[in-house]
Amino acid sequence: IAYKTNLQNLVDEKKFKDELTQFKITEDAKNIQPEDREHVVPIILRILYGKMTSKLGADKKGGGQARRSLVMRYLAGCNENELKIFIEMAFSHFKQFMNMKPKEI
């Protein structure tokens with residue numbers, strides 16, 4: 001896998017921040033080949049969503065907010081369809097309520 005190291009670094013808590021700065025997701029950065037983008041970006045988005053929603057250890061005061069902020073800035077490099085994937089992940093718990101009438105909720 002061409003992006004294996006990058007993906008592993010995103011998962012690794014110690015390398016996460018550095019990898020965000022080096023492995024740009026913007027299309028003009030050319031870190032991800034256009035033909036690979038549709039396969040790699042959803043994996044990156046799932047990793048980032050997990051990073052945003054997971055708790056840090058008790059010794060990392062304020063780290064969760066800083067990490068969420070880093071992820072949100074990184075997501076600015078996504079195109080509209082990629083952002084849609086991330087938003088659908090974030091709101092997947094509410095999907096069951098989307099087609100209900102207000103009285104049914």
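The values are calculated or read from the model by the stated rules, or taken from the named source; none is laboratory data. Because the structure is a prediction, the values reported are computed rather than measured. Here the Cβ positions follow ideal geometry from the backbone for every residue, glycine too, while neighbour counts run over all protein chains shown.
Would you pick out the residues in segment 22-37 that are surrounded by 10 or more Cβ atoms within 10 Å (Cβ to Cβ) and either over 17 Å from the mean Cα position of the chain (by Cα) or without any contact (Cβ under 8 Å) to a residue 40 or more places away in the chain (or both)? Write out each step before concluding.
First pass over segment 22-37, keeping only residues surrounded by 10 or more Cβ atoms within 10 Å (Cβ to Cβ): 22-27, 29, 31-33, 36-37.
Residues satisfying the conditions are Gln22, Phe23, Ala29, Asn31, Ile32, Gln33, Asp36, Arg37.
Of everything in segment 62-101, what is farther than 21 Å from Leu10 by Cα and hydroxyl-bearing (Ser, Thr, Tyr)? Give them in sequence order. Across segment 62-101, the qualifying residue is only Ser92.
What about Ile87, is it within 11 Å of the chain's Cα centre (by Cα) and either among the β-branched types (Val, Ile, Thr) or surrounded by 14 or more Cβ atoms within 10 Å (Cβ to Cβ) (or both)? It is true that Ile87 is within 11 Å of the chain's Cα centre (by Cα) and either among the β-branched types (Val, Ile, Thr) or surrounded by 14 or more Cβ atoms within 10 Å (Cβ to Cβ) (or both). I'd like the residue in segment 1-17 that is among the hydrophobic types (A, V, I, L, M, F, W, C) and touching a helix residue (DSSP H, G or I) at 6+ places or on another chain (Cβ under 7 Å) and, out of all such residues, is farthest from Met89 (Cα to Cα). Top of the filtered list is Phe16. Take Leu20 and tell me if it is more than 23 Å from His93 (Cβ to Cβ), in a helix (DSSP H, G or I) and of a type in the set (A, V, I, L, M, F, W, C). It is true that Leu20 is more than 23 Å from His93 (Cβ to Cβ), in a helix (DSSP H, G or I) and of a type in the set (A, V, I, L, M, F, W, C). Looking at Lys60, Lys95, Lys51, just one residue is among the basic types (Lys, Arg), assigned to a helix (DSSP H, G or I), on the phi < 0 side of the Ramachandran plot and modelled with pLDDT under 85, and that residue is Lys95. Taken together, Ile32, Ile25, Ile43 contain a single residue that is in a loop (DSSP other than H, G, I, E, B) and closer than 26 Å to His93 by Cβ, which is Ile25.
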